[in-house]
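Below is one structure; the comments refer to it alone.
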Amino acid sequence: MVSVFPVTGAKRTLCAALGRGMGGTLLCAFALLMALPAAARAETVLVMGDSLSAAYGIDQQAGWVNLLKQRLDDEHEVINASISGETTSGGAARLPDILDQHDPDIVLIELGGNDGLRGLSPQQMQVNLAKMIERSETSGAEVLLLGIEVPPNYGASYASAFRGVFSQLAEEYEVPLLPFLLEGVDLSTMLQGDGIHPTAEAQPIILDNVWSALAPMLDPQASVAPQQNP
């Protein structure tokens, strides 16, 4: 019988060790199949966020999460579990079921903004985010923290404590951190009328911010569309 597999070098030695005849040929074919490199599996990226990731007030297709889907093309699955108005407490409560449902490889946590706008305790916010990190890592996923800041009118002390939550968690759990999701967004011209939510024009900037931290976490064997979104 003629083998349909090219057998050279170490593979020839392996086949010789398996013996001659029909049985040996079948064993050889099986062994070679097992030795073939596995195709890169599409990774699943889960986004747990609030209105900043839920494309509040703009076309859903223009939101940065949808732009991320386009940039990743079909090589990765992106699940957007973001809800406008979500707090860290709500995210921590929802996360276990979402992890069970989607089994993500990477979890992007973009929460805290609504905690800040409501003046909630930074200490409790840190506890909630820590639970989300631990739960994600226990499920086998890597975590990327996406930080946000509160407006200056909340006071320097509160703003400092709020900002410190993200850096402390990143250090404690050794997870990557994007310090400020809206870095580079012109807050005087790229916010909607409420003065809080970014316009469609700002979304590619937000995506590039996220991409700078996310790209190193993606499977290097998977091809990723490198083009910039318009």
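The values are calculated or read from the model by the stated rules, or taken from the named source; none is laboratory data. If you're wondering where the values come from, they're calculated on a predicted model, not measured in any experiment. In this analysis, Cβ positions are derived from the backbone assuming ideal geometry, glycine residues included, and neighbour counts consider all displayed protein chains. Heads up: the accessible areas ignore ligands, DNA and RNA and are worked out on the full protein's heavy atoms, side chains in. Shrake-Rupley method; radii C 1.70, N 1.55, O 1.52, S 1.80 Å.
Brief remarks on what is shown
- When the square roots of the Cα gyration tensor eigenvalues are ordered a ≥ b ≥ c, the ratio a/c for the range 62-123 is 1.5 or more and a/b does not exceed b/c, which makes its shape oblate.
- Solvent-accessible ranking of 154, 56, 173, largest area first, probe 1.4 Å: 56, 154, 173
- Charge tally in the Cβ shell below 14 Å around residue 70, where Lys, Arg are +1 and Asp, Glu are -1, residue 70 excluded: -4
- Remark: the Cα gyration tensor places the range 91-136 in the prolate category, a/c being 1.5 or greater and a/b exceeding b/c.
- Shape of the range 130-203, Cα gyration tensor, a/c cut at 1.5: oblate
- Distant-in-sequence amide H partners of residue 83 (H built 1.01 Å from N, under 5 Å): 49, 50
- Seen from every direction in turn and averaged, the convex hull around the alpha carbons of the range 77-193 projects onto 7.7 nm².
- Accessible carbon and sulfur surface of the range 107-226 relative to its total accessible area, %, 1.4 Å: 52
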